[in-house]
2 protein chains.
Amino acid sequence: MRPTTKDLAKAAGVSLATVDRVLNGRPGVREKTVKAVNEAIERIGFVRNLSAANLARGRRYRFQFLLPEAGDDFLTTLVERIEESRAAFLSESLEISMRRVLSNDPHITAKALARVLPAQVDGVAIMAPESPQVRDATTRLKQRGVEVVQFITGQPGLRPLDFVGVDNNSAGATAGRLMGRFLGERKGKILVVSETMNSLDSVERRLGFDTVLTADFPNLSALPSLETYGDRTRTEKVIANSYANHPDIIGAYLMNSEARQPLEALCHTSDPMQQVIIAHERTGYTEDKLRVGALDAVIAQNPGHLVRSAIRVLKARTEGREPLASQERIRIEIYIKENLGQL
Amino acid sequence: MRPTTKDLAKAAGVSLATVDRVLNGRPGVREKTVKAVNEAIERIGFVRNLSAANLARGRRYRFQFLLPEAGDDFLTTLVERIEESRAAFLSESLEISMRRVLSNDPHITAKALARVLPAQVDGVAIMAPESPQVRDATTRLKQRGVEVVQFITGQPGLRPLDFVGVDNNSAGATAGRLMGRFLGERKGKILVVSETMNSLDSVERRLGFDTVLTADFPNLSALPSLETYGDRTRTEKVIANSYANHPDIIGAYLMNSEARQPLEALCHTSDPMQQVIIAHERTGYTEDKLRVGALDAVIAQNPGHLVRSAIRVLKARTEGREPLASQERIRIEIYIKENLGQL
DNA sequence: ACCTTGATGAGGTACGTGCCTCAGAATTCG
DNA sequence: CGAATTCTGAGGCACGTACCTCATCAAGGT
């Protein structure tokens with residue numbers, strides 16, 4: 001039988017009340033007594049029963065994901081994972097909700113953040129590009145007692161705010177390395193397509209990509225980033241232009257999570273099989289394109305991990321704990337045709 | 001407030017006892033009543049509180065990992081993950097233990113399996129190569145009421161037994177594709193090193209590797225698999241021989257989870273930087289070698305995921321549930337220098 | 001010596017569910 | 001129709017912890 005608090009109290013020679021105070025870090029216990037209890041914990045191998053604790057506490061944490069309105073394939077799978085987590089975490093007394101209110105306009109985003117009430121939500125995971133307005137709104141939100149994590153997009157380490165997502169610099173570098181290795185000795189230009197270079201994520205990916213290319217692959221030169229602004233017509237136009245101006249393009253790096261539009265545009269003016277094309281995020285679309293060979297590699301972050309990690313971080317913060325940084329590091333995944341797995 | 005069983009009983013117009021019988025699929029309830037309760041569950045959105053249920057049930061499942069004695073780096077990190085899980089799952093009423101008793105001799109393995117007692121263990125995760133003896137011992141173990149999963153090594157889908165690990169055919173194919181792409185137009189031979197080709201895993205990896213190479217990279221030809229039998233001297237000898245006999249070796253595929261010995265042997269007789277070398281499993285050693293460029297890519301399976309997945313499967317089986325196959329699929333990870341992550 | 005304060009003990013209730021018993025109601029069978 | 005059988009309800013204890021109140025005791029200040 002596992003030792004309980006009662007056993008612990010007996011072993012430490014104190015009462016249940018004192019054990020409780022020590023375990024929950026409440027005041028009113030002498031330093032010496034605290035030490036005695038902790039020693040007893042070690043000695044008898046006491047392990048707190050979290051189920052019982054949560055049950056007794058009867059606390060319910062309510063966390064909310066704030067996502068952009070616009071929806072590419074990646075965002076769609078992200079939403080699915082959140083829905084799944086909602087069900088899974090319900091039995092752990094966590095109520096996960098989701099609101100798709102954020103837009104690219106920082107003012108609107110800030111307004112949405114201002115409407116988040118501490119009475120309704122204990123923590124939020126925000127997926128919105130960095131901007132002064134959003135930063136201020138976030139700070140005010142924290143002051144009102146709501147925990148906040150930056151989700152997928154944001155700047156890790158720069159602010160005293162948790163970040164859940166990949167290191168975009170490394171992600172870009174990974175893409176760069178694969179591009180270089182896959183192209184081998186071939187000489188030519190690399191097309192780089194982004195939705196916008198106004199977001200920190202894009203800048204970092206680009207930086208990582210360029211760093212590797214210039215350091216190790218002098219045979220390749222990356223063109224200036226094309227910005228699509230998420231507009232189909234514009235995408236078609238700028239990509240067609242690039243191929244017209246640079247007949248020696250031998251590869252393309254599609255930086256944003258929506259690969260469909262740029263890849264389709266690219267196919268309209270050139271042959272993807274003759275080039276090395278690397279995109280981001282694993283979706284049904286990118287899987288298909290990997291399988292048929294139109295894409296050569298996909299750099300991805302696992303949506304399920306992202307969601308669960310954000311929830312764990314929010315929970316830790318709400319309970320006043322420090323999240324386990326090592327466990328919450330999101331891996332940069334590489335997919336090629338062969339390791340997609342069945343189905 | 002979330003509805004409880006009490007609310008559910010009221011909503012369904014039955015007593016708590018009946019609700020309990022329906023929820024736990026116990027007999028003694030009319031079909032009509034069952035339906036009424038289920039409808040009420042839907043209607044009021046009842047979600048079972050697993051914490052409370054586990055607490056009340058007070059059940060403890062005891063699962064055991066049976067691992068080989070011999071210890072390469074991968075096995076070491078695996079052991080670490082099991083230790084971690086032990087602590088983490090304790091609060092979920094799961095007692096995880098570990099025994100390192102299995103050897104390469106199927107008779108000894110079978111004997112070890114025979115010594116597993118249902119009174120002491122509810123389920124075991126076995127990491128041992130396929131063999132008739134092991135198969136029989138496993139079958140008898142199941143008959144004695146102990147749940148069994150094949151762990152990392154084994155044959156997925158072939159037997160009515162759960163398997164937790166990667167699809168080795170795909171893993172080999174992944175290695176093959178990367179080898180081919182990294183080598184580009186270069187012509188030459190590929191060294192293939194395995195601990196032994198007697199295990200199904202090695203055979204499958206080799207098969208997947210060859211399939212890709214012959215289909216898509218006619219410029220490359222893979223040499224017959226070298227078997228090291230885990231012996232340092234032998235490893236040095238066979239590898240030196242190969243390089244002597246085949247001066248046109250331009251790449252190497254190190255198939256087993258212990259990359260150190262073959263890679264060191266390889267470095268003694270040739271320059272790893274002039275070749276494309278792909279190994280398996282992410283360990284401190286392979287990370288180092290990726291960073292310095294001696295390794296070009298590593299195909300890996302996540303030890304933490306493996307352990308947790310095996311535990312989840314065992315738990316599901318013990319409770320008479322079907323494990324969620326989709327969730328327990330282990331990904332084939334690809335690592336290069338850039339996506340190793342900090343640390 | 002009196003009062004305040006802090007450190008504990010003792011004991012209770014509550015959390016939501018599992019699981020048991022007992023009694024009564026409904027159904028089936030002879 | 002009565003007996004046997006099968007359902008169902010009521011109620012209670014248990015699980016391990018949180019959290020509350022009240023009482024006690026010692027140390028320190030005035």
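The values are calculated or read from the model by the stated rules, or taken from the named source; none is laboratory data. Remember, it's a predicted structure, so these values are computed and weren't measured experimentally. We place every Cβ from the backbone using ideal geometry, glycine too, and count neighbours over all the protein chains shown. Surface accessibility is based on the protein's heavy atoms, side chains included, excluding ligands, DNA and RNA. Shrake-Rupley method; radii C 1.70, N 1.55, O 1.52, S 1.80 Å.
How far is helix B:232-245 tilted off the main Cα axis of chain B, in degrees rounded to 10, range 0 to 90? Roughly 50 degrees between the two axes.
Looking at chain A, the DSSP beta bridges with both ends there are about 10 percent antiparallel. If you take the beta carbon distance between B:VAL34 and B:LYS10 as r and set R0 to 22 Å, what does 1/(1 + (r/R0)^6) give as a FRET efficiency, to the nearest 0.05? Once the sixth-power term is evaluated, E becomes 0.80.
Largest to smallest in accessible area, the residues A:VAL34, A:VAL121 fall in the order A:VAL34, A:VAL121 (1.4 Å probe, all protein chains included). Applying 1/(1 + (r/R0)^6) with R0 = 25 Å to the Cβ-Cβ distance of B:HIS107 and B:THR139 gives a FRET efficiency near 0.95. What does the copy distance list look like for B:ALA240, label position 7 Å along Cα→Cβ, in nm and ordered from shortest? When each copy's label point is compared with this one, the spacings are 6.5 nm. Among the chymotrypsin sites (Phe, Trp or Tyr not before Pro) in region A:4-70, none sits in a DSSP loop with a Cβ that has at most 11 other Cβ atoms within 10 Å. For the residue pairs B:LYS6/B:LYS142; B:LYS289/B:LYS315; A:LYS111/A:LYS189; B:LYS187/B:LYS289, alpha carbon separations beyond 32 Å are given by B:LYS6/B:LYS142; B:LYS289/B:LYS315; A:LYS111/A:LYS189.
Helix A:200-216 axis versus longest C-alpha principal axis of chain A: approximately 60°, rounded to the nearest ten.
Accessible surface of B:MET273, taken over heavy atoms with a 1.4 Å probe and every protein chain present, rounds to 110 Å². Taking the Cα centre of chain A as origin and assigning +1 to Lys and Arg Cβ atoms and -1 to Asp and Glu Cβ atoms, the resulting dipole is close to 1800 debye. Rounded to the nearest 20, the Cβ-based charge dipole of region A:193-252 about its Cα centre (Lys and Arg +1, Asp and Glu -1) stands at 160 debye. Against the criterion of solvent-accessible heavy-atom surface with a 1.4 angstrom probe, A:LEU314, A:LEU23 sort, most first, into A:LEU23, A:LEU314. Modelled spin-label separation between B:THR269 and A:ALA244, with each label point placed 7 Å from Cα along the Cα-to-Cβ direction: 5.9 nm. Using heavy atoms of the protein chains and a probe of 1.4 Å, the accessible area assigned to B:CYS267 is about 60 Å².
Across identical copies of the chain, B:GLY320 has label-point separations of 4.4 nm, listed in ascending order, with the point defined 7 angstrom from Cα along Cα→Cβ.
Indicate the gyration tensor shape class of region B:44-200 (rounded, prolate or oblate), computed on the Cα atoms with a ≥ b ≥ c the square roots of the eigenvalues: a/c under 1.5 is rounded; otherwise a/b larger than b/c is prolate and the rest oblate. Prolate, because a/c is 1.5 or more and a/b exceeds b/c.
Here the spin labels are modelled as points 7 Å beyond Cα on the Cα-Cβ line, and at A:ARG60 and A:THR77 they lie 3.2 nm apart. With label points defined 7 Å past Cα in the direction of Cβ, position B:VAL34 shows copy-to-copy spacings of 5.5 nm, given to one decimal and shortest first. When the surface is traced with a 1.4 Å probe over the full set of protein chains, B:ASP288 keeps roughly 90 Å² accessible.
The Cα atoms of region A:1-121 give a gyration tensor whose axes a ≥ b ≥ c have a/c of 1.5 or more with a/b greater than b/c, which makes the shape prolate. A simple spin-label model places pseudo-atoms 7 Å from Cα toward Cβ; at B:ARG26 and A:ARG100 they are separated by 4.5 nm. Both chains summed, the buried accessible area for A and B stands near 3600 Å², from protein heavy atoms and a 1.4 Å probe. Residues within the reach of a label modelled at B:ALA17 (point 7 angstrom out along Cα to beta-carbon, backbone nitrogen below 17 Å), restricted to region B:25-65, are B:25-31, B:33-34.
Rounded to the nearest 10 degrees, the inclination of helix B:168-183 to the longest alpha-carbon principal axis of chain B is 40 degrees. Test of the criteria: in region B:66-105, which GluC sites (Glu not before Pro) are in a DSSP loop and have at most 14 other Cβ atoms within 10 angstrom of their Cβ? Loop-located and lightly packed - B:GLU69.
With equal scatterers on the alpha carbons only and no solvent term, can you work out the Debye log10 of I(q)/I(0) for region A:168-300 at 0.12, 0.17 1/Å? So the normalised log intensities work out to -0.38, -0.81. Probing with 1.4 Å while keeping every protein chain in the model, the per residue accessible area of chain A equals 46 Å². Rank B:ALA265, B:ALA11, B:ALA119 by mean-square fluctuation in a GNM of chain B with C-alpha springs under 10 angstrom and give only the top-ranked residue. Among B:ALA265, B:ALA11, B:ALA119, the largest mean-square fluctuation in the Gaussian network model of chain B belongs to B:ALA11.
For chain A, what does the alpha-carbon gyration tensor say about shape, rounded, prolate or oblate, given a ≥ b ≥ c as the root eigenvalues, a/c under 1.5 as rounded, and a/b over b/c as prolate? Prolate shape, in that a/c is at least 1.5 and a/b is the bigger ratio.
Distance from the C-alpha centroid of region B:18-52 to that of region A:107-161: 41 Å, rounded to the whole angstrom.
Taking one quarter of the surface of the convex hull spanned by the alpha-carbon atoms of the protein assembly as shown gives a direction-averaged projected area of 34.6 nm². Legend: Rg and Dmax of region A:5-48, from Cα coordinates, 9.0, 24 Å.
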